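The values are calculated or read from the model by the stated rules, or taken from the named source; none is laboratory data. The structure presented is a predicted model; accordingly, all values stated were derived computationally and were not measured. Cβ coordinates were reconstructed from backbone atoms using ideal geometry, including for glycine residues, and neighbour counts include every protein chain displayed.
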Amino acid sequence: MSEAKVREVSRHSGTVKRASGAGRSASATHPGYKREQNEDACWADEQRGVWVVADGLGGHQAGEIASKTVVEEIQRSAASDRHYERALQRAHALLLGDEQNTANMGSTAVVVAEDGAYFHIYWVGDSRAYLWTPGEGGGQLKQLTNDHSYVQMLVDSGAINPLEAANHPNRHVITRCIGGSANPSLEIDRVSAPWRPGQKLLLCSDGLSAEVEPEQIAQVLAANSDNRRAADLLVAAALDAGGKDNITVQLISAPDKTPATSGKWTFRTGRTPHPSAPRSKFRGKILPVLSALALLGLLATLVARQFG
């Protein structure tokens with residue numbers, strides 16, 4: 001879709017709201033054609049290195065309240081302790097305790113937080129994070145998050161394949177969200193990795209991921225280096241595909257000065273540990289030493305058994 005068509009769509013079918021200011025990132029959100037209200041929410045603070053997309057659940061107003069609560073708690077953490085898992089836990093507790101809450105009021109969330117040359121992604125639900133790496137053709141688009149959804153459970157169990165999942169009648173049923181139930185506990189998944197030059201992160205609600213194929217997303221990113229234009233075109237592509245849900249995207253470029261790294265991923269899922277647990281800056285150096293010592297100990301044991 002051309003840039004002129006993007007403006008035409010915006011005038012006649014709702015408003016594409018964009019984040020103000022120029023920098024490494026850009027966002028755009030649109031209510032879509034089928035929903036009267038936009039229950040998605042997004043926020044970014046490039047200086048502090050944090051971005052969030054939340055997709056509210058529960059219908060008119062309830063979904064708006066839920067996604068706004070998630071964003072407000074992320075904002076609070078960005079300005080204070082930077083414990084974003086704890087922020088999502090706070091949002092969960094607030095929504096469960098809200099007098100207006102029903103079993104259907106909740107929100108998904110995907111959060112990116114930078115730590116030097118690394119980024120960490122925290123998520124709950126089916127809002128996604130993708131990593132785009134430039135290369136031949138449209139480059140490589142890799143989905144970093146794993147949907148907390150009924151259909152994903154079927155795929156993981158081998159009951160259906162990814163092609164069947166894309167057209168499954170229950171593909172929008174999620175199995176985990178912030179708020180939304182009487183369960184006081186919340187499991188938050190995380191993935192961490194170093195930036196590599198030229199890469200981009202894409203955060204989105206399922207209004208994009210359920211409508212636009214990964215190959216088309218990759219082609220838009222490959223053909224448009226400007227994040228503002230690319231975000232607008234991704235929203236336009238979701239509208240072209242039917243615009244059946246609220247659509248929100250955030251694009252984040254790698255820092256200009258990105259040191260060379262091994263590119264290894266660290267995945268952690270399950271219940272969040274206590275957020276005040278200290279992180280040592282020497283952890284990356286200590287672990288290889290401990291591993292080497294353990295190997296030497298094993299070799300010594302084998303030698304002793306051989307000659308003992």
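Scan segment 213-249 for residues that are assigned to a loop (DSSP other than H, G, I, E, B) and under 20 Å from Ala41 (Cα atoms) and jot them down.
The first filter runs over segment 213-249 and keeps only residues assigned to a loop (DSSP other than H, G, I, E, B), leaving 213, 224-226, 241-246.
Listed by number, the residues that qualify are Gly243, Lys244, Asp245, Asn246.
Tell me, which strands (runs of 3 or more DSSP E) lie completely within segment 96-207 with 2 or more residues that are without any contact (Cβ under 8 Å) to a residue 40 or more places away in the chain, within 20 Å of Thr69 (Cα to Cα) and among the β-branched types (Val, Ile, Thr)?
Working: elements: 106-115, 118-124, 128-133, 140-143, 189-194, 200-204.
Qualifying strands (runs of 3 or more DSSP E): none found.
Within the group Asp126, Asp45, which residue is buried (at least 24 other Cβ atoms within 10 Å of the Cβ) and either in contact with a helix residue (DSSP H, G or I) (Cβ under 7 Å, 6 or more places away or on another chain) or closer than 17 Å to Cys204 by Cα (or both)? Outline the logic, then answer.
Values: Asp45 fails: buried (at least 24 other Cβ atoms within 10 Å of the Cβ).
Residue meeting the stated conditions: Asp126.
Would you please list the contacts, defined by Cβ atoms under 6 Å and residues six or more apart or on different chains, that run from a residue in segment 26-50 that is assigned by TED's automatic domain parsing to the domain that holds Glu73 and farther than 15 Å from Arg76 by Cα to a residue that is outside any loop (DSSP other than H, G, I, E, B) and of a type in the set (Asp, Glu)?
From residues that are assigned by TED's automatic domain parsing to the domain that holds Glu73 and farther than 15 Å from Arg76 by Cα, the pairs are Ala28/Asp232; Thr29/Asp40; Glu39/Glu64; Asp40/Asp55.
Could you tell me how many of the residues in segment 79-123 are of a type in the set (A, V, I, L, M) and out of contact with any helix residue (DSSP H, G or I) (no Cβ under 8 Å at 6 or more places or on another chain)? Walk me through it before giving the result.
Step one: filter segment 79-123 for residues of a type in the set (A, V, I, L, M), giving 79, 87-88, 91, 93-96, 103, 105, 109-113, 117, 121.
In the following step, the residues that additionally are out of contact with any helix residue (DSSP H, G or I) (no Cβ under 8 Å at 6 or more places or on another chain) were identified as 79, 93, 96, 103, 110, 112, 117, 121.
Count: 8.
Does Ala238 satisfy the condition of being within 21 Å of Gly59 (Cα to Cα), of a type in the set (A, V, I, L, M) and over 15 Å from the mean Cα position of the chain (by Cα)? Before the answer, list the steps.
Details: within 21 Å of Gly59 (Cα to Cα): yes; of a type in the set (A, V, I, L, M): yes; over 15 Å from the mean Cα position of the chain (by Cα): yes.
For Ala238, the condition - within 21 Å of Gly59 (Cα to Cα), of a type in the set (A, V, I, L, M) and over 15 Å from the mean Cα position of the chain (by Cα) - is met.
Results for (1) surrounded by fewer than 19 Cβ atoms within 10 Å (Cβ to Cβ); (2) at pLDDT 55 or above, shown as yes or no for each residue.
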site: Val220; (1), (2): no, yes
site: Ala237; (1), (2): no, yes
site: Asn246; (1), (2): no, yes
site: Pro259; (1), (2): yes, yes
site: Arg271; (1), (2): yes, no
site: Ala300; (1), (2): yes, no
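Of all the residues that make up segment 183-210, how many are at pLDDT below 95 and touching a helix residue (DSSP H, G or I) at 6+ places or on another chain (Cβ under 6 Å)?
Total satisfying the criteria: 1.
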